[in-house]
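Only one structure is covered here, and it is reproduced in the block below.
No value in this document is a laboratory result; all are computed from the given coordinates. These numbers come from a predicted model, not from an experiment. Positions of Cβ are backbone-derived with ideal geometry, glycine not excepted, and every protein chain shown enters the neighbour counts.
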Amino acid sequence: MIPELGHFALILALLLAAAQAFFGLVGASRGNVAWMRAAQPAVAGQWVFLLLSFGALVWSFIQFDFSVRYVAMTSNSLLPLFYRIAAAWGGHEGSLLLWGTMLATWSIAVAAFSRSMPLPYKSRVLGVLGLVSMGFLMFMLFTSSPFERLVPAAAEGNDLNPLLQDVALAIHPPMLYLGYVGFSVAFAFACATLIEGRLDVAWARWARPWTLAAWLCLTIGITLGSWWAYYELGWGGYWFWDPVENASFMPWLMGAALIHSLAVTEKRGLFKSWTLLLAVGAFSLSLLGTFLVRSGVLVSVHAFATDPARGLFILGFLVAVIGGALALYTWRAPVLKSDAGFELLSREAFVLFNNALLVAATGLILLGTLYPLFMDAMELGKISVGPPYFGVAFLIPMVPLLLLLGVGMHSSWKRSHIGPIGRLFGVLLGAAVVLALLVSKFAYGQVHFMGVVGFTVAFWVMGSALYEPIRRGGNLRGLPAGFWGMTLAHFGVGLFALGITGVESYRIEKDISLGAGDVTELSGYEFRFDGTKQVRGPNYDAIEGTVVLSRDGKAFKTLHPQKRFYASGGNAMTEAGIHATPTRDLFVALGEDLGAGKWSMRVQYKPLIRYIWLGALFMALGGLVSATDRRYRAKLPATARAPGGTMAGEGAR
Amino acid sequence: MTPRRKRMIAVAAIVIGVGAATAVALQAFQENIMYFYSPSQVTGGEAPRGRAFRLGGLVTTGSLQRTPGSIEINFLVTDNAETIPVKYSGLLPDLFREGQGVIAHGKLNDGGVFVADEVLAKHDENYMPPEVADTLKTPQSAGGAS
Amino acid sequence: MSRYIRFLVPAGLFVILVGFLFIGLQRDPSVIDSPLIGKPAPQFVLENLDDPALRVGTADLQGRMYLFNVWGTWCGGCRQEHDALLAISRSNVVPIIGLNWKDDRGLARKWLNQLGNPYELVAFDPEGQVAIDWGVYGAPETFLVAADGTVLAKRIGAMDMTVWQRDFLPLINGTGGSS
């Protein structure tokens, strides 16, 4: 009964989404106030019914209702409660429902917290969100309902993929989706602006906190995924440049560009059409990510090929949403003209550099991700693009970006003027180089060219971020939240660069064969293998190795890497043993029994790896602080013109 | 200078900078494109010598060989028509098994042995890398009884 | 007009991208022809699922048209197609021979008891040796084998009534397989 209620709630949500789209868009274009007002209760209703629907699915999981096909596929009677709930989004159907629920949540947040926006504009925003939501709900109802029944019921579930049975990974998809879906708000603002042909830039102020919120969720989601990959996959890598990861990283880069560009549009009225394009682009890449991951175009075969209808539906949806927005852009954007030029070393110019470099990085990653698909479609052979390409493609825009970031942070609007820090730049950069050389030489014993470059930009960015707070001494009150957000996020970028440089330039790894009592040495640490034993977990059996870490003969830690075999069958899983300190991680993964009492092992020394995730968290925190800036909560400014009167033709003169 | 000219300079600087960066990136792109070959293509001489590529197929059942206690392993990869010996030293992925699909990255040595530096087996019984699936051939029925 | 061209660039790039994605989608691996089609089906002899003492093999199937269905209890698509297989079995058009692949004998028998058994015979292939001979790369897969032992058609992924009526029935009727 409960699953049927969930399904019914989903249908009602679709009807309400259609009402929201209709009343929002048609009401605004006809100037019918009653219709425009009707869009808001439709949003609320849609949200309530989607929550009910999602609740019904979670309930079916908690109750072990294996008569529901999706539950039988992704859960199991041995699965602990926490993972049963997380299993609700562990598969295709459930993750779509989660996606739809989040879209409705963002929509209702926009409806509730956008009192300062004029009614017609707000209605159009909600109308566009309603259209997007309709697409998703139709996709779910027509091709992949999570509430489909099995007759007769399965006696036992298939189990959640053991890889997914992990706390970080249970939270990873919701955060990631929250970010993906959050860009729909910026997208809806951009579409509403284009529909109205608005020439003012008030929309940029309205869109900024939403964009920051979406971007920070995406940051946390990606960080969790990376952290999970590090300790769960058994390779010790934190990023693999696989298509699924790239699909989340591209909207992130585009979102970062959008955040900066929105600031210029809001403050200076520049880059109007460019900012609109970025807003459309960030959400388009989110949808494209869904398409690549969900349709099976890139991963292929049995994942989704059993139902090519899904792929076609998603493609049609992409064409409607992105194609529609780009058509609107082609039609409306040419009338948007920037009010003024800008100086070469002004903040506007630095943001332009930032945007160009971030978009270039996005483009290069997109090329590497889609190129194999192009080759295959043209029947030119099967290829893959190796991770080293992505490393280079990412590095080339990032080094100049970070160098410019250090200066740009202190530049001023309108004028070619770098704050009081200007005279110190040479000193700061010199100090960063010297520090980078010293760290390379004395901490890691070798001067690796890219290592020095990486440390230099890392120290440079961190120093530059800290300059202003330090200069002001204790007198930090009165600085706006926006300033703190920027400082935190940019300091995070520096930490991130520090982590990447440390790992990429100075890591040491080896795969070796060890018998009980054997010792191997890595960067001054000794790893002694003390054999294996059998252990038993709630729904798995495992072989556990014992590895004692010591330095200069003194043991300081015992690690227990495991090889797990889940009761539901399938493949073995590697649980690595990790010892972390602020300066480095020691990583041990158990391989397999090689015979003759020996085991294969992977031992790794990963300097500074924690700063990658710490830096990302600083970036997310910076986004959070910025989003709370008081200015965004201000009432409608007097300068904002009433919408509707701003005709497209006006700007053509 | 007028603001307009300054802006032109800024735009030109960006175009040159981005252009140069793209050129370097495309160079890296060229170097990192990895072609995929099946054992039949390797036997037929299509695969490059001295350049890394990816070899895919099924791990022949019973072909796994290792000296007890050694991390080095030898196995055969087949597309059911031709077979290529593979040599690898390192940890095998959790999903590596005889009779299953595998993708190995490495180079062909002079003796016709594929020396892998990376072995991927990202699949389970429900899933096989599409490249591998496409290459699988069925044996000619003449000797096909098993 | 020329200033509009600049704004057409994103839309143009998107159209190209959609074109490629569409072509990519058309390359649906489930319709890739098996190299087996038109060739004799591989020979096999395996234990019977119900009784390890009995054998199931090509010899039992000589001179008859049959469906050869590869399945396992671990496979979601197999659960999905099970009702369709039962319906096909009830229609008595052609017998279904099962290949229980990389599975556990107890689980497989429990599955058939609970869900109903559409198979005339089930061969037990825990090691997957026969599946390799047949070029199987995932379950479920279904082959149609003619009375003379030639493979007529192959379905990768779950069987359903639409596919059955569209792709399989015409082949069976065309060769006079319904008897």
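General remarks:
- Average Cα contact separation per residue, the stretch C:28-174, under 8 Å, 6 or more apart, as relative contact order %: 33 percent
- Mean separation of Cα contacts under 8 Å (6+ apart) over length of the stretch A:108-200, as relative contact order %: 55 percent
- Remark: relative contact order (chain A) = 13 percent; criterion is Cα-Cα distance under 8 angstrom and separation of 6 or more residues.
- Whether the stretch A:510-607 is rounded, prolate or oblate, judged on the alpha carbon gyration tensor where a/c under 1.5 counts as rounded: prolate
- FRET efficiency, 1/(1 + (r/R0)^6) with R0 25 Å, evaluated for B:A20 and A:F240 via beta carbons: 0.35
- Angle in degrees between helix C:2-26 and the longest Cα principal axis of chain C, rounded to the nearest 10: 10 degrees
- Look at the stretch C:149-158: the mean tally of other chain Cβ atoms within 10 Å of its residues' Cβ atoms is 2.
- Proximity of backbone amide H atoms, modeled 1.01 Å from N, is registered between C:G98 and C:N69, C:E120, C:L121, C:V122, C:A123 at under 5 Å, excluding neighbours fewer than 5 places apart on the same chain.
- Our note on the geometry: Cα centres of the stretch C:88-104 and the stretch A:76-98, 32 Å apart.
- Helical mean residue ellipticity (222 nm; -39500 (n - 2.57) per DSSP H run of 4+; nearest 500) of the protein assembly as shown: -17000 deg cm²/dmol
- Trypsin sites (Lys or Arg not before Pro) within the stretch A:468-520: DSSP coil, no more than 12 neighbouring Cβ in 10 Å: A:R472, A:R477
- Note on the protein assembly as shown: percent of Cα-Cα distances in each 10 Å bin, starting at 0 and stopping at the bin with the largest distance, equals 2, 10, 19, 23, 21, 15, 8, 3, 1, 0.
- Shape category assigned to the stretch C:28-174 from the gyration tensor of Cα positions, a/c cut at 1.5: rounded
- Helical segments meeting 24 Å axial Cα length and Kyte-Doolittle 1.6 threshold in chain A (DSSP H): A:387-408
- FRET efficiency, 1/(1 + (r/R0)^6) with R0 35 Å, evaluated for C:F22 and A:R37 via beta carbons: 0.30
- Across the cross-link table entries B:K87/C:K154; B:K107/C:K154; A:K533/A:K554; A:K557/B:K87, which are compared at the Cα atoms, the separations over 27 Å belong to B:K87/C:K154; B:K107/C:K154; A:K557/B:K87.
- With a simple spin-label model that places each label point 7 Å from the Cα along the Cα-to-Cβ direction, the separation between B:R49 and A:R149 comes to 6.7 nm.
- Estimated FRET transfer efficiency when R0 is 35 angstrom, pair A:F483-A:F449 (beta carbons, to 0.05): 0.50
- For A:W599, the amide hydrogen comes within under 5 Å of the amide hydrogens of A:L514, A:G515, A:L594, counting only partners 5 or more places away or on other chains and with H modelled in the peptide plane.
- Once both labels are positioned 7 Å from their Cα atoms along Cα-to-Cβ, the gap between A:A516 and A:R471 label points is 6.5 nm.
- Under 5 Å, built H, 5+ apart or other chain: amide partners of A:K557: A:L549
- For the listed residue pairs A:K382/C:K110; A:K382/C:K39; A:K606/C:K102, the alpha carbons are over 32 angstrom apart in A:K382/C:K110; A:K606/C:K102.
- Estimated distance in nm for a label pair at A:L380 and B:E118, the labels positioned 7 Å out from Cα along Cα-to-Cβ: 2.2 nm
- Couplings 3J(HN,Hα) for the stretch C:150-155, derived from phi with the Karplus relation 6.51 cos²θ - 1.76 cosθ + 1.60 (θ = phi - 60°), are 7, 7, 9, 7, 9, 10 Hz, where x marks Gly and Pro.
- Net charge contributed by nearby residues that have their C-beta within less than 13 Å of B:T61 (K/R +1, D/E -1): -2
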